[in-house]
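Enquirer: Have a look at the structure that comes next, please.
The values are calculated or read from the model by the stated rules, or taken from the named source; none is laboratory data. The structure presented is a predicted model; accordingly, all values stated were derived computationally and were not measured. Here Cβ is always computed from backbone atoms with ideal geometry, including for glycine, and neighbour counts include all displayed protein chains.
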Amino acid sequence: MPPYLSALAAHLVCHTAVVVDHQFVEPSLAELYDVFHPWERRGDFGFYLPLVMSAKAVLDVGCGTGELLRRARDAGHTGRLCGLDPAGAMLGQARMRSDIEWTLGDLSTVAWDQEFDLIVMTGHAFQVFLEDDEVRSSLSKIRSVLTEDGHFGFETRNPSVRAWTSWTPDNAVEVQTSAGFVVRMAHEVEAPLDGQVVSFTTTFTSPGWDRPQVSRSTLRFLDAASLASFLSDTGLAIEEQFGDWDRHPLTDTSPEIITIVRRSRGAEILIVLSGTATCLVRGVEEARFGPGNFFGEVATLDGGPRTATVVASTDMEVLVLSGFEFEMSSPEVAHRMLGDGSPTPAGERQSSGVNWPTRLQSARSGRSRPRMSITT
Ligand SMILES: C[S@@+](CC[C@H](N)C(=O)[O-])C[C@H]1O[C@@H](n2cnc3c(N)ncnc32)[C@H](O)[C@@H]1O
C-alpha cells in the first residue's frame, strides 16, 4: 500500500475505532455480564422498560448484551428495537435473539437520521465519553438521530456521592456460572478522581481458570451543571431529571443523575444552497434569502425564541447545521453575529442573512427538501 494510503487508513482507524474494556470484548467475560448484573437487581431497567414500551422506534446505545431490548420484545413491543455496541463479544450475547436489530459500532460509525423516538444509554454507558469533544459529538449525533419529538434517556453517577470509594476488593461479588464454577469480580481504583475521571481495574478470578482476567476502565463523572451545559450546547433541552430510580428529585446526595432530554426548539441554522425564500416578521416581508444567505442563527446562538418565519419561494436546497456544528465550523463568525458576546438590544434580534463563508457553500446536506417552509 502506498505510504499516503496507509497514513490515511491509520487516520481513519483512529477516528472510528473505539477502545473498549477487556471485560466487554472477551467472550468468556461478556458471557458473565448478565450473571453479575441480573435483571432482578437492576433498578434502572424498571425505569427504562416503560419508556421503551411506549416508544415506536428505540435505539439502545452501548446496549451490551441487549437485555433491556430483549425484555421489551418479550413484553410485547412490536416496533423497531435496535441495539448499538462497539464490543463484538457483548453483541455476540445479544445476537442470540434475532427479532431485534443489532449493530456493531458506536455513534461515530452510524448514519441514521431522525429515525428513533427514544434513545437510551443504560448501565452508566454514558460515562465512557471522557473528552469534552467526545461528549459533545456524541450528544450532537444523538440529537440528529432522534425524531423531531423524540427523547433521550440516560444516567451518570453523581460525582458528589463518590461511588468509586466503595470499589474495593472487600466489596467483591461472587457468582456461580452455568458450568458450576464460582467466579469472583473485584474492583480496585488505580487513579482516584483526577478532574472528573476515575480509572480502575476489574479482576475476575475462578478456581476453574488458569489465571485471573483483568479489565481496565476509565469513567467520567460529570456534575449536573456541567452536564446541563453540554446538553444546551448541543441543542438538547432537559425535560425531566431524577436522583434515583424511584424518581426522587436530584439532590447533592442522590446516587444518580438520571436525565430525559428532547431536541431544543430552534437549534438549527439553515444555509441556502439554491433557491430563494422570503423572511416574514409578523406577516410583513423583511428580507429575501438566496444562495449563500443563512437564517435561524439568532435563536440558535442566543437560546431565545424564534423571531421570524421563512417561507420558500422556489424549490430550495439548504444545509442544516446544529448550533454546535455551526460554532465548531466557524466560531469567529458565530461570535461576530452575537456582537462578541455583548448583549443585543431588544428588537435587534434579527437574522443578518449575510453570506456564508464560501468553503461551506459547496457542502451538501442529505436533508434537502423541495419547497420548504420553515419557521425560524
Ligand atoms: C456497563 S456496560 C452497559 C451495557 C448495557 N447498556 C446495560 O445496561 O447492561 C457498557 C457498554 O458500553 C459499551 N461501550 C463502550 N464504549 C462505548 C462507546 N464509545 N459507545 C457506545 N457504547 C460503548 C460497552 O461495550 C458496554 O457494552
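Enquirer: Which numbered condition in (1) surrounded by fewer than 20 Cβ atoms within 10 Å (Cβ to Cβ); (2) under 27 Å from residue 217 (Cα atoms) is the only one that residue 135 fails?
Expert: In the conditions (1) surrounded by fewer than 20 Cβ atoms within 10 Å (Cβ to Cβ); (2) under 27 Å from residue 217 (Cα atoms), residue 135 misses (1) alone.
Enquirer: If you don't mind, another one. When both residues are 6+ apart or on different chains and their Cβ atoms are under 8 Å apart, which pairs have a first residue that lies in region 249-265 and is closer than 16 Å to residue 155 by Cβ, and a second that is among the aromatic types (Phe, Trp, Tyr) and buried (at least 22 other Cβ atoms within 10 Å of the Cβ)?
Expert: Matching pairs, first to second residue: 258/154; 259/154; 260/152; 261/152.
Enquirer: Restricting attention to region 64-93, which residues are within 14 Å of residue 34 (Cα to Cα) and within 9 Å of the ligand (Cβ to nearest atom)?
Expert: Across region 64-93, the qualifying residues are 64, 65, 66, 67, 68, 89, 90, 91.
Yes/no matrix, rows are residues, columns are (1) in a loop (DSSP other than H, G, I, E, B); (2) at pLDDT 80 or above; (3) over 30 Å from residue 50 (Cβ atoms):
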| site | (1), (2), (3) |
| --- | --- |
| 261 | no, yes, no |
| 270 | no, yes, yes |
| 273 | no, yes, yes |
| 292 | yes, yes, yes |
| 301 | no, no, yes |
| 304 | yes, no, yes |
| 332 | no, no, yes |
| 345 | yes, no, yes |
| 348 | yes, no, yes |
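Enquirer: Say we look at region 96-115 and pick out the residues that are in contact (Cβ under 8 Å) with a residue 24 or more places away in the chain and over 16 Å from residue 141 (Cβ atoms); which of these is surrounded by the fewest Cβ atoms within 10 Å (Cβ to Cβ)?
Expert: 99
Enquirer: Hey, another quick one. Testing residue 59 on (1) within 19 Å of residue 261 (Cα to Cα); (2) within 10 Å of the ligand (Cβ to nearest atom); (3) in contact with a Cys (Cβ under 6 Å, 6 or more places away or on another chain); (4) not aromatic (Phe, Trp, Tyr), one condition comes back false. Which one is that?
Expert: (2)
Enquirer: Quick one: which of 130, 84 is under 27 Å from residue 222 (Cα atoms) and either buried (at least 18 other Cβ atoms within 10 Å of the Cβ) or of a type outside the set (A, V, I, L, M) (or both)? Spell out the reasoning first.
Expert: Values: 130 fails: either buried (at least 18 other Cβ atoms within 10 Å of the Cβ) or of a type outside the set (A, V, I, L, M) (or both).
Sole residue among the options that is under 27 Å from residue 222 (Cα atoms) and either buried (at least 18 other Cβ atoms within 10 Å of the Cβ) or of a type outside the set (A, V, I, L, M) (or both): 84.
Enquirer: Pairs under 9 Å by beta carbon, first residue under 11 Å from residue 85 (Cβ atoms) and within 9 Å of the ligand (Cβ to nearest atom) in region 116-128, partner modelled with pLDDT under 95 and not aliphatic (A, V, I, L, M), six or more apart or different chains?
Expert: From residues that are under 11 Å from residue 85 (Cβ atoms) and within 9 Å of the ligand (Cβ to nearest atom), there are no pairs.
Enquirer: Looking at region 30-40, is at least one residue in a strand (DSSP E or B), under 20 Å from residue 93 (Cα atoms), within 11 Å of the ligand (Cβ to nearest atom) and not hydrophobic (A, V, I, L, M, F, W, C)?
Expert: Step one: list which residues in region 30-40 are in a strand (DSSP E or B), which gives none.
Within region 30-40 (the criterion being in a strand (DSSP E or B), under 20 Å from residue 93 (Cα atoms), within 11 Å of the ligand (Cβ to nearest atom) and not hydrophobic (A, V, I, L, M, F, W, C)), the answer is no, since none of the residues qualifies.
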